[in-house]
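Student: This is the structure, below, for whatever I ask next.
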Amino acid sequence: MSDPSAPILPAANGYELGVRRILSPRAEISAAWWLLDLESEFVWVGDEGVTDAGGATRRHGLELEARWRMSSSLWAEVDVTASRGRYRETGELIARAPRLTFNTAAVLSDWSGWSGQLRVRHVGDHQAVEDGSVKAAGFTVADLHLRRRLSENWDGLASIENLFNTSFREAQTFYPSRLASEPLAVDDIHFTPGNPRALRIGVEYRFAWR
């Protein structure tokens, strides 16, 4: 059961130390170490479909960012985060907290009326329970977004989400459940399937205010 006395918005203290370096007019890189203390971690209770207040937690990690201008209209960028998190009182792992994520993209801007980006996002395997005995599967998904200038006020838009039609699990939780045909509850990972490949096409009109 949820604790009615638990704070609705737990207090948080964060610290960050970083550095940014411009290597040339075409390239820059940055790195930062961060630490985040939460007074209470919200925990998903699968049986009840609610969140409950857990213990105090501490997360810390390293973030790396890099940008490289490949041409006057084309940029390459990558962001990587590696983090660790535990409950401060027990030392247990924080369930469902990704330990490695990255986001990389090729970004096109104003090239003969075209702009857009090809972006790849990755979430690594991570613990589904506090003792680390069950793992939630990570995933890598690519999205493509394009924009074409049609006139002074009109743009054409096209997006392909999940470009390679990757089968993946989005939200994942581990708890016991029982089907009507099963005599006992079974511990298993329950998940929301990721969206399959989807194509979206549209137009955009820009109003000129005078």
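The values are calculated or read from the model by the stated rules, or taken from the named source; none is laboratory data. Just so it is clear, the model here is predicted, and its values are computed rather than measured. Because the Cβ atoms are built from the backbone with ideal geometry, glycine has one as well, and the counts that use them run over all protein chains shown.
Student: Applying the selection to segment 134-151, what residues are exposed (fewer than 14 other Cβ atoms within 10 Å of the Cβ) and either within 23 Å of residue 102 (Cβ to Cβ) or in contact with a Ser or Thr (Cβ under 7 Å, 6 or more places away or on another chain) (or both)? I'd like the intermediate steps shown before the answer.
Tutor: Going residue by residue through segment 134-151, those that are exposed (fewer than 14 other Cβ atoms within 10 Å of the Cβ) are 140, 150-151.
140, the sole residue that qualifies.
Student: Evaluate the following for residue 120: is it under 20 Å from residue 35 (Cβ atoms), surrounded by 15 or more Cβ atoms within 10 Å (Cβ to Cβ), hydrophobic (A, V, I, L, M, F, W, C) and modelled with pLDDT of 95 or more? Working first, answer last.
Tutor: Numbers: under 20 Å from residue 35 (Cβ atoms): no; surrounded by 15 or more Cβ atoms within 10 Å (Cβ to Cβ): yes; hydrophobic (A, V, I, L, M, F, W, C): yes; modelled with pLDDT of 95 or more: yes.
Answer is no for this residue.
Student: Residues that are in contact with a Pro (Cβ under 9 Å, 6 or more places away or on another chain), of a type in the set (A, V, I, L, M), under 27 Å from residue 85 (Cα atoms) and part of a strand (DSSP E or B): does segment 161-172 have at least one?
Tutor: Looking through segment 161-172, none of the residues is in contact with a Pro (Cβ under 9 Å, 6 or more places away or on another chain), of a type in the set (A, V, I, L, M), under 27 Å from residue 85 (Cα atoms) and part of a strand (DSSP E or B).
Student: Hey, can you tell me all the residues within segment 161-201 that are of a type in the set (A, V, I, L, M) and either within 21 Å of residue 124 (Cα to Cα) or touching a residue at least 40 places away in the same chain (Cβ under 8 Å) (or both)?
Tutor: Filtering segment 161-201 down to residues of a type in the set (A, V, I, L, M) leaves 163, 171, 179-180, 184-186, 189, 198-199, 201.
Answer for segment 161-201, where residues must be of a type in the set (A, V, I, L, M) and either within 21 Å of residue 124 (Cα to Cα) or touching a residue at least 40 places away in the same chain (Cβ under 8 Å) (or both): 163, 171, 189, 199, 201.
Student: For a quick check of your reading of the model, give me the residue pairs whose first member lies in segment 6-35 and is within 13 Å of residue 60 (Cβ to Cβ) and free of Cβ contacts under 8 Å to residues at least 24 places away in the same chain, whose second is surrounded by 11 or more Cβ atoms within 10 Å (Cβ to Cβ) and aromatic (Phe, Trp, Tyr), with beta-carbon atoms closer than 9 Å and at least 6 apart or on different chains.
Tutor: From segment 6-35, the pairs are 14/34; 15/33; 15/34; 16/33; 16/34; 17/33; 17/34.
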